[in-house]
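A quick write-up on the structure given underneath.
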Amino acid sequence: MILNQFLLLAAILFCLGVYGALARRNAVLVLMSIELILNSVNINLVAFGAYHGNLSGEVFALFIIAVAAAEVGIGLAIVLLIYRNRRSIDLNQADLMKG
Amino acid sequence: MSLATPMTEVPVEEHGAETGHALVTEMYQPTGFFLENVWIIPAVMAVSFLIILFFGKRFAKKGSEVGLAAIGISWVLAVITGIQWISQRGKVPEAEGSGEHAAGALLAAGEEATEGAEIGINAVVRTITWWSNGGIDFPVGTLVDGLTIMMLFVVTSISLLVHVYSTDYVAGDRRYTHFFAFLSLFTAAMLFFVVSENIIQMIVGWELVGVCSFVLIGHWWEDQENSDAALKAFLTNRVGDVGLLVGMIMLFWAAGTFETLDINRMINNGEIGHTTLLIASLSLLAAVMSKSGQFVLHTWLPDAMAGPTPVSALIHAATMVVAGVYMVARLYPVFYEGMSISGSSINALAVIGSITVVFGGLLAFVQDDIKKVLAYSTISQLGYMILALGVGAWTAAMFHLFTHAFFKAGLFLGAGSVSHSVHSFDMKKEMGGLRKFMPTTYKTFVVSSLALAGVFPLAGFWSKDEILVGTGGWGLFGGTGGNGAYTLMLVMGIVGAALTGAYMTRVIYLTFFGEFRGHGTPHESGKRITTPLIILAGMAAVAGLLNLPAGFITGSHDGWQERFGHYVEPTADYFPAISHGIPSYSLAIVSSLIAFAGIGYAYYYYFVKVAAQSPTATELSSGLTSTNKVAKAGHTLLKNKYYLDHLYTGIITGFTKGPLAKSTYWFNQNVIDRTVDNVGRGAVKGGQFIYDKVDQGFIDGAVNATGTASQGAGQELRLMQNGRVQRYATFLFVAATILAGIFTVIV
């Protein structure tokens, strides 16, 4: 069992996801980056589950996939509403909460 | 199943060794389809509730036929279950005949032990684990023993008659279907409560019947008065429910299990400390006081008469209000040990019960509303049951519960029949002389009243006499027995008997004698109302024969005497070793004479003196209350129900918003303010000095500096709150990374 490779892949995906979530201005791309983060976690779970011969990891991964689907649904709905209201999905312009 | 092979159980022997008497060393485990599947009975009623609620209006008779069919099935099942129990009970040989059973209790414990073991009969318990959490199992199941069988019979019988009665009484009501749905739900909840096997289930059943009571009292909620009464019943019961929860939780932590019988066994084996049991039993007593209308928390019960009369008969006379009594009986070891019932002469349970007997009875005198008289009478009779449990007369309490259910339901339904024809409950304004118009109602009402007053040989005589015997404080009348010398309770019980006779005589005169004072022509009610009345009056007349005292028929030991006690009272290790009093003729005669004195005095007052004044008179114009100061004061006190309602709404709630607030204000204005003023004046002088030197110079400077600093910091920090989500996310990630680093280093 080559655990390291999976963990490395997950770490790379995680970093890409974090970068996308922090640096991208397009709301849809930010959502996609968040998916990347979640899936990197999934890879970790499945990898450790297989490594320990324990099904819990896979089960949790399935739960996370289901939750992520719901989350992205809500996220896209919000993005759609922002677009209808402001004709733009640039996150820099969505700063109504400015202190 | 046909073999009566006794099974030996281990914990039983420990119990016998611990307490020293009632040596039940062998146990017989009864079996039978209906005993094991008793859950069907409440389930039938629950299904009926759902059907009526969702589809009731589509039926030809608006759902009432569903309720009637369901309660009919339940009743038949309850009777079959009862027969099965009796046949199983018969397989256990009686030790030496019930006639000498009581005599055996008199003998020293050691002597009984030499007579050899008595074979006990176990309860039929079926349990499944509902769910488990943190290693604690929450079971759900059924428990059948004699007590359950008795309650099943009482609840289904009264409910069946009330269902029949209601088809006529609430006919044409705007919420007819709804009414029958909730009658079904109530019956289901009550049956669920009596078959419950553990204390969690008991709490659930207890609350369910409370909710049904709330809904049915407020059946005509369009009138503010009715919905207020419903709320009052609900809220007063909540006060007691706190006690119920506290008590049950204490029992759970003390015993480590929810199973009623296991808790009882542990207490009998002395595994739970006395102090714990004392506190638990006092907490549970609060619940009993609210549910079973014991004095100081009884005030909701008379108001609950705002509900339809069949509801009052079923819920507020025969079944729900005895839930508290049932709970004490089911968890009897808790009270028996906790309150040290054995060998004592006073305890909280007996005191509350005896006060309720007398105070409830006195209140019944001043009510003009026929249902309220009956409500106070119910309170008084519930007091008898609690008194009996308090003095250790378990069987007497259960027997009184049994007989009371019949004659009190009969009285309530009779009152309903009267009001159905005169459209009022006011005895003084709208009734009088009804015996000519409503002969059936009149006859059944009189029979039930005599049974209530304890006139030989009707039901009330036997059960009340048994309670008085059980007080054990009757050395005055010869004989011995009982669990202690409860002389005070004996006296209160006898006084209560006299009061009962007197107020029932008053009700009968005001309702059925003299001239009719209302308007219109009253008429006898229909068959569906009078048939239940006749059945209930019949039961009120003969139910007492089920538990003839031992030795009443000389020379015959079993067959006829103490049948009720024989089948209902547990003889297993989950029941405390109570001793039974021996009946005495002189006590029976004296208590009967006192009851007759009560009846006689009221008869003389109403039937002779008031009737002589004028046929429409309701009280003497120059009666005791208008001439004697003390009597008048007493009358006013009773009229105002000992000012308890004033205490609760006027004083306890009013005090916090009225006088308490005012006096606090006064205290504030005159004491605190003046002190403050004086202190202030002195302080001003000192302050001036300090102001000039310390404040302006040093403190102000510091404050100003702090202000400036925080303003500056705020200005800087404000920039962080720039509304850009991604900036926030960056902070989050950075913080998380730093924390992760710290934890990695530390751990």
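The values are calculated or read from the model by the stated rules, or taken from the named source; none is laboratory data. Values in this document were obtained by computation on a predicted structure and should not be read as measured data. Positions of Cβ are backbone-derived with ideal geometry, glycine not excepted, and every protein chain shown enters the neighbour counts. With ligands, DNA and RNA removed, areas are computed over all heavy atoms of the protein, side chains included. Shrake-Rupley method; radii C 1.70, N 1.55, O 1.52, S 1.80 Å.
Can you tell me which residues in the range B:717-738 are of a type in the set (A, V, I, L, M) and either touching a Gly at 6+ places or on another chain (Cβ under 6 Å) or open to solvent by less than 90 Å² (accessible area, probe 1.4 Å) (or both)?
Let us first name the residues in the range B:717-738 that are of a type in the set (A, V, I, L, M), namely B:717, B:719-720, B:725, B:729, B:732, B:734-736, B:738.
Within the range B:717-738, B:Met720, B:Val725, B:Ala729, B:Val734, B:Ala735, B:Ala736 qualify.
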Selection count, the range B:457-474, where residues are at pLDDT below 85 and either β-branched (Val, Ile, Thr) or in contact with an Asp or Glu (Cβ under 9 Å, 6 or more places away or on another chain) (or both): 2
Selected residue (criterion: farthest from B:Tyr728 (Cα to Cα)) from residues of the range A:64-99 that are of a type in the set (Lys, Arg) and within 14 Å of another protein chain (Cβ to nearest Cβ): A:Arg86
Hey, B:Val328 within 27 Å of B:Tyr574 (Cα to Cα) and touching a Leu at 6+ places or on another chain (Cβ under 8 Å) or not: yes
Test: residue in the range B:81-89 that is touching a strand residue (DSSP E or B) at 6+ places or on another chain (Cβ under 7 Å), modelled with pLDDT under 85, more than 19 Å from B:Phe402 (Cα to Cα) and not in a strand (DSSP E or B): yes
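So is B:Ile742 assigned to a helix (DSSP H, G or I) and loosely packed, with under 11 Cβ neighbours inside 10 Å or not? Don't jump to the end; show me each part of the working.
Working: assigned to a helix (DSSP H, G or I): yes; loosely packed, with under 11 Cβ neighbours inside 10 Å: yes.
It is true that B:Ile742 is assigned to a helix (DSSP H, G or I) and loosely packed, with under 11 Cβ neighbours inside 10 Å.
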Only one of B:Gly270, B:Gly218, B:Gly256, B:Gly172 that is open to solvent by 30 Å² or more (accessible area, probe 1.4 Å) and under 30 Å from B:Arg58 (Cβ atoms): B:Gly172
Enumeration of residues in the range B:213-222 that are touching a residue at least 40 places away in the same chain (Cβ under 8 Å) and over 15 Å from the mean Cα position of the chain (by Cα): B:Leu216, B:Ile217, B:Gly218, B:His219, B:Trp220
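This table checks each residue for (1) surrounded by fewer than 24 Cβ atoms within 10 Å (Cβ to Cβ); (2) at pLDDT below 85.
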residue: B:Leu314; (1), (2): no, no
residue: B:Met320; (1), (2): no, no
residue: B:Gly324; (1), (2): no, no
residue: B:Glu337; (1), (2): yes, no
residue: B:Ser340; (1), (2): yes, yes
residue: B:Leu349; (1), (2): no, no
residue: B:Ser354; (1), (2): no, no
residue: B:Ser380; (1), (2): no, no
Residue satisfying all of: in the range B:583-625; modelled with pLDDT under 75 and of a type in the set (A, V, I, L, M, F, W, C); most open to solvent (accessible area, probe 1.4 Å) among these: B:Leu624
Filter result (out of contact with any Ser or Thr (no Cβ under 9 Å at 6 or more places or on another chain), assigned to a helix (DSSP H, G or I), more than 28 Å from B:Gly120 (Cα to Cα) and at pLDDT below 90) within the range B:30-64: B:Phe54, B:Phe55, B:Arg58
Pairs where the first residue, in the range B:719-747, is facing another protein chain (nearest Cβ under 9 Å) and the second is surrounded by fewer than 10 Cβ atoms within 10 Å (Cβ to Cβ), C-beta under 7 Å, 6+ apart: B:Gly723/A:Leu96
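Go through the range B:516-527 and count every residue that is basic (Lys, Arg) and part of a loop (DSSP other than H, G, I, E, B). Lay out the reasoning, then the answer.
If we filter the range B:516-527 for residues that are basic (Lys, Arg), which is where we start, we get B:517, B:527.
Applying the additional criterion that residues be part of a loop (DSSP other than H, G, I, E, B) yields B:517.
Looking only at that region, the number is 1.
Could you say which residue among B:Ser227, B:Ser213, B:Ser184 is among the hydroxyl-bearing types (Ser, Thr, Tyr) and either open to solvent by 10 Å² or more (accessible area, probe 1.4 Å) or not in a helix (DSSP H, G or I) (or both)?
Details: B:Ser213 fails: either open to solvent by 10 Å² or more (accessible area, probe 1.4 Å) or not in a helix (DSSP H, G or I) (or both); B:Ser184 fails: either open to solvent by 10 Å² or more (accessible area, probe 1.4 Å) or not in a helix (DSSP H, G or I) (or both).
Going through B:Ser227, B:Ser213, B:Ser184 in turn, just one is among the hydroxyl-bearing types (Ser, Thr, Tyr) and either open to solvent by 10 Å² or more (accessible area, probe 1.4 Å) or not in a helix (DSSP H, G or I) (or both): B:Ser227.
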Elements of type helices (runs of 4 or more DSSP H) contained in the range B:414-515, each with 3 or more residues being touching a Leu at 6+ places or on another chain (Cβ under 6 Å): B:439-453, B:487-512
Unique residue being within 14 Å of another protein chain (Cβ to nearest Cβ) and either among the aromatic types (Phe, Trp, Tyr) or more than 20 Å from B:Gln726 (Cβ to Cβ) (or both) when the list is A:Phe14, A:Phe48, A:Phe60, A:Phe6: A:Phe14
